[in-house]
Amino acid sequence: GNLISDEFYSVTYKNNTQVGKAKVKVTFRTHYKGSIEKSFVINPAETKIKKVYVTRNSVIVNWKKAKDEVDGYVIQLAKDKKFTKGLKKIEVKGSNVGGTEIKKLKAGTEYYIRIATFKKVGNKTYTSKYTLYDKTVKIEK
């Protein structure tokens, strides 16, 4: 398509600074007529795991606290990199929490770990992209 100069349209946004559903509207003017409105989703910011400590039958996971307001964190452990085998999902509520202990893990088992943030807006929960910890961890025997 052809590029249209910004003198022929205006752009307005609605709810585009907070986590949740946002809208953008393009309204044409002068030689052009009409408008179009589209929705898009703003997810919470990602975080990452800083350090993992392995103990007998458990791991202690420490992460970087989210700078933006979130309702909590989701930590997943699995026996494979695709997170389909032996998946454990732990939800930690609170934005100021920077770590948790995950207990009752099988000794001698190797786990992949990843983390995401979440924010609830109305009846919908928005989740950031998961960040994979750069090492696997093996539970002590």
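Observations
- Region 108-125 residues that are at positive phi, paired with ones that are outside any strand (DSSP E or B) and among the β-branched types (Val, Ile, Thr) (beta carbon under 9 Å, 6 or more apart): Gly108/Ile139
- Complete set of residues in region 93-106 that are more than 16 Å from Thr131 (Cα to Cα) and open to solvent by less than 40 Å² (accessible area, probe 1.4 Å): Gly94, Ser95, Thr100, Ile102, Leu105
- Scanning region 37-52 for residues that are closer than 16 Å to Val92 by Cβ and assigned to a strand (DSSP E or B) yields Ile49, Lys50, Lys51, Val52.
- Of all residues in region 56-68, those that are without any contact (Cβ under 8 Å) to a residue 24 or more places away in the chain have Cβ atoms under 9 Å from Cβ atoms of residues that are hydrophobic (A, V, I, L, M, F, W, C), 6 or more apart or on another chain, in Lys67/Ala45.
Condition check ((1) surrounded by 13 or more Cβ atoms within 10 Å (Cβ to Cβ); (2) charged (D, E, K, R); (3) free of Cβ contacts under 8 Å to residues at least 12 places away in the same chain) across all residues:
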site: Thr12; (1), (2), (3): no, no, no
site: Lys21; (1), (2), (3): yes, yes, no
site: Phe28; (1), (2), (3): yes, no, no
site: Ile36; (1), (2), (3): no, no, yes
site: Phe40; (1), (2), (3): no, no, no
site: Lys51; (1), (2), (3): no, yes, yes
site: Val70; (1), (2), (3): yes, no, no
site: Lys79; (1), (2), (3): yes, yes, no
site: Lys89; (1), (2), (3): no, yes, no
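The values are calculated or read from the model by the stated rules, or taken from the named source; none is laboratory data. In this text, all values refer to a predicted model and were calculated from it rather than measured experimentally. Note that each Cβ is placed from the backbone with ideal geometry, even for glycine, and that neighbours are counted across all protein chains shown. For accessibility, only protein heavy atoms count, side chains too; no ligands or nucleic acids. Shrake-Rupley method; radii C 1.70, N 1.55, O 1.52, S 1.80 Å.
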